[in-house]
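Structure, as structure tokens:
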Amino acid sequence: MAQETPDRLLFEYCTRSRDGEEIPVTVLLDAHGVHTRREGREEDVPWSEFCAAGETADSVPGNRHLGLLVKKTLRATILPCREDQFAEVVEFLSARVPFVRGGGGGATAAGSATRAVSGEALGTGTGDPELRERKQRLDERLAELPLLPASFHEALQVARNPLSSVADLERVIARNRSLASRMVKLANSPRYARARRLEKLSECLSVLGFSTARDVVLGYTLSRVLPKDVGVYGLAEYGVWRHGMAVALAARTLARRLGVPPDEEEDFLLAGLLHDVGKLLLSPFARARERELAEEVVRCEGDLPQAEQNVLGFDHQEVGARLVRRWGLSRQVQEVVLHHHLPTEAVAFRRAVALVHVANHLMVRLGIGDAARRFVKSRVDRVAFDLLGISGESLNQVEAWLSEEEVTYRMMANQLA
């Protein structure tokens, strides 16, 4: 290390609680390791526990995010710092931990240092030709994907406008014959049974209501952008989308019951719908090594992202986050997609991540979107319950809330198949 480099660095930043309150965090880097202090909680991780560091894709002018990868769990400790601190912090880290530099200012992936340095940390970085080839093919696959259609953006604009009406949605739907036909079929299903069959779109939308029609429009237009089948992960045809719709609705049920403001509903819906979208992009690689991946899931005790990292060199969370970022969706959606298996990794929107995490866990148990065989059992992070203020005693109540809506979840999920 250069002589002028200090022996310790101290910096502070603010994060937010699930109630939106600012929480000061102090970070000390010294000869022994990384020390963080937050709300009376202390965490000390020695340098020997880290295997790599890198800049994350959350970095923007004036604000940089660095990540240190923990060996035993392959999880990242996130260190936000100011632009003027960046060079000094990088020099400090590089003297102690291999620093992986990404192109484009270090933004190598969408969201965390785990993603930026995962290949190197697994010992399968630039020296592994097979991993290099997979990464290149994945980059090409991402680059070839279409952007979201204009109909989706139009529907999203209507959905987010508090003054929108069913008539506004009707104008969007009427231009898509297949979507209009689906609305008519849904309005005439047993759940909305009427004395006579409804034929006019306007009548059908009046029966369905704005919320249901909006959910189907957003879900349907998204599900037609990417492949309908992954052929792996134990999912049925349209399984990612059907499971995604169930998770989206379950997360919104929880949000409403827990008093989350209704103006956040659309982001919850999109985050839930898209939380597993990375599986669609990883499917060719996962299919090629399905048996090995399934065995690794068992070894990792159900931790699917960890198993994917070990076998493929990347996981469906990081890949999905890259895609939703490319599509220009909100930071909240990106955070949920990137961290829905482990809410403790999230550096922002932790309540939203926790909501989708819990909803995902409970919907996996219902098997919505699954084929006959299960690929993986869901693991629940108890920290998510703490973030949502759910105690062990009230978990039964949460399950009861979602059980009341199971028929609705299944019916709406089937609209995407």
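Before moving on, here are some points about what is shown:
- Sub-7 Å Cβ pairs linking a first residue in segment 24-39 that is more than 15 Å from ARG82 (Cβ to Cβ) to a second residue that is of a type outside the set (Gly, Ala, Ser) and outside any strand (DSSP E or B), at least 6 apart or interchain, are LEU28/ARG8; ASP30/ASP7; ASP30/ARG8; ALA31/ASP7; GLY33/TRP47, ordered by first then second residue.
Listed here are the residues, each with its yes/no results for (1) touching a helix residue (DSSP H, G or I) at 6+ places or on another chain (Cβ under 7 Å); (2) surrounded by 12 or more Cβ atoms within 10 Å (Cβ to Cβ); (3) modelled with pLDDT of 80 or more; (4) of a type in the set (S, T, N, Q).
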{"site": "GLN85", "(1), (2), (3), (4)": "no, yes, yes, yes"}
{"site": "VAL89", "(1), (2), (3), (4)": "no, yes, yes, no"}
{"site": "GLY105", "(1), (2), (3), (4)": "no, yes, no, no"}
{"site": "ALA109", "(1), (2), (3), (4)": "yes, yes, no, no"}
{"site": "SER112", "(1), (2), (3), (4)": "yes, yes, no, yes"}
{"site": "GLY123", "(1), (2), (3), (4)": "no, no, no, no"}
{"site": "GLN136", "(1), (2), (3), (4)": "no, no, yes, yes"}
{"site": "ALA155", "(1), (2), (3), (4)": "yes, yes, yes, no"}
{"site": "ALA174", "(1), (2), (3), (4)": "yes, yes, yes, no"}
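- Some residue of segment 211-225 being over 19 Å from VAL324 (Cβ atoms) and either in contact with a His (Cβ under 9 Å, 6 or more places away or on another chain) or outside any helix (DSSP H, G or I) (or both): no
- ALA246 being surrounded by fewer than 24 Cβ atoms within 10 Å (Cβ to Cβ), assigned to a helix (DSSP H, G or I) and in contact with a Phe, Trp or Tyr (Cβ under 8 Å, 6 or more places away or on another chain): no
- Counting only strands (runs of 3 or more DSSP E) that sit completely within segment 1-79, zero hold 2 or more residues that are under 26 Å from the mean Cα position of the chain (by Cα), within 22 Å of HIS339 (Cα to Cα) and at pLDDT 85 or above.
- Per-region count, segment 271-315, residues over 24 Å from LEU145 (Cβ atoms) and either crowded, with 17+ Cβ neighbours inside 10 Å or of a type in the set (D, E, K, R) (or both): 13
- Looking only at segment 318-340, residues that are over 20 Å from PRO149 (Cα atoms) and in contact with a Ser or Thr (Cβ under 9 Å, 6 or more places away or on another chain) come to 3 in all.
The values are calculated or read from the model by the stated rules, or taken from the named source; none is laboratory data. Note that this is a predicted model, so its numbers are computed, not measured. For neighbour counting, all protein chains shown are included, and Cβ atoms are generated from backbone atoms with ideal geometry for every residue, glycine included.
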